[in-house]
Amino acid sequence: MESWDERTVRARIREMAAQDGERARFGADTHRYELAPALPEAEIGAFEEAHGVGLPAEYRSFVAVVGNGPAGPGHGLMPLTTPRPEADDEWAVDDEWEEDRLPGRLAAPFPLTEPLPGRIGASAGELTRGTLMLAEEGCGMFIRLVLTGPRVGEIWRIDPDWGGFVPVSPDFRGWYTEWLQRP
């Protein structure tokens with residue numbers, strides 16, 4: 001697996017910020033084109049051990065080499081190991097972040113083997129076991145990274161009201177790089 005080039009990613013994000021001084025691009029007001037420092041290997045390893053999971057290599061490499069959010073798709077990447085600094089804003093994304101860190105949740109088997117399009121009748125919380133919420137897109141839609149089962153490493157979007165729970169990218173690198181390359 002090819003590692004991330006921190007300088008290239010950060011340079012592109014600076015370029016994006018310069019081109020969007022008004023922060024008109026979706027989510028820019030939230031993530032402000034800022035990247036937190038990368039996480040130390042020991043902190044990532046402690047997270048994996050505490051939750052009984054191995055993070056997919058592309059995502060793990062990103063938080064270890066580039067940064068621990070927030071600049072990214074949607075309203076930005078959620079931090080891996082500590083809540084967002086603004087977590088007291090009563091935003092639904094913070095509840096999702098906390099729920100993901102409940103004992104056993106991330107290591108639980110991902111229950112889907114096929115996409116589930118359309119309105120979801122089942123509890124969305126049951127469907128997201130074995131996934132890590134990466135970003136919020138608004139209106140109850142979240143981007144999640146599959147951590148367990150045959151679809152491990154894929155990026156899925158859950159939109160319980162309209163769009164279901166469906167894959168949007170085969171991997172983290174493709175998903176994040178697509179965001180970096182959008183005009």
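Things worth noting here:
- Gained length - L180 relative to T82, 0.36 nm times residue gap less alpha-carbon distance: 32.8 nm
- Loop-resident trypsin sites (Lys or Arg not before Pro) (DSSP state other than H, G, I, E or B) in the stretch 103-183 with no more than 12 further Cβ atoms inside 10 Å of their Cβ: R119.
- Within the chain, helix-based [θ] at 222 nm, where runs of 4 or more DSSP H residues each add -39,500 (n - 2.57), nearest 500: -9500 deg cm²/dmol
- Ignoring the sites themselves, the chain has its longest run without GluC sites (Glu not before Pro) in a DSSP loop having at most 12 other Cβ atoms within 10 Å at 91-183.
- Taken over the C-alpha atoms, the stretch 103-169 has Rg and Dmax values of 10.7, 30 angstrom.
- Normalised per residue, the accessible area of the stretch 36-140 is 45 Å², obtained with a 1.4 Å probe and no contribution from ligands, DNA or RNA.
- Förster radius 35 Å - calculated FRET efficiency between A42 and A11 (Cβ-Cβ, nearest 0.05): 0.80
- 5 angstrom amide H check on V168, placed H, neighbours 5+ away: I155, W156, R157
- Surface/4 of the Cα convex hull for the stretch 142-183, nm²: 3.3 nm²
- Carbon/sulfur fraction of accessible area - the chain, other protein chains in place, 1.4 Å, %: 54 percent
- Rounded to whole Hz, the Karplus (6.51, -1.76, 1.60) HN-Hα couplings of the stretch 149-154, x for glycine and proline: x, x, 9, 3, x, 6
- Each label was represented as a point 7 Å from its Cα along the Cα-to-Cβ direction; for Q19 and A124 these points are 3.1 nm apart.
The values are calculated or read from the model by the stated rules, or taken from the named source; none is laboratory data. Owing to the predicted nature of the structure, the values given are computational and were not obtained by experimental measurement. Methodologically, a virtual Cβ is constructed for each residue, glycine included, from the backbone with ideal geometry; neighbour enumeration extends over all protein chains shown. All accessible areas refer to the heavy atoms of the entire protein, side chains included, with ligands and DNA or RNA removed. Shrake-Rupley method; radii C 1.70, N 1.55, O 1.52, S 1.80 Å.
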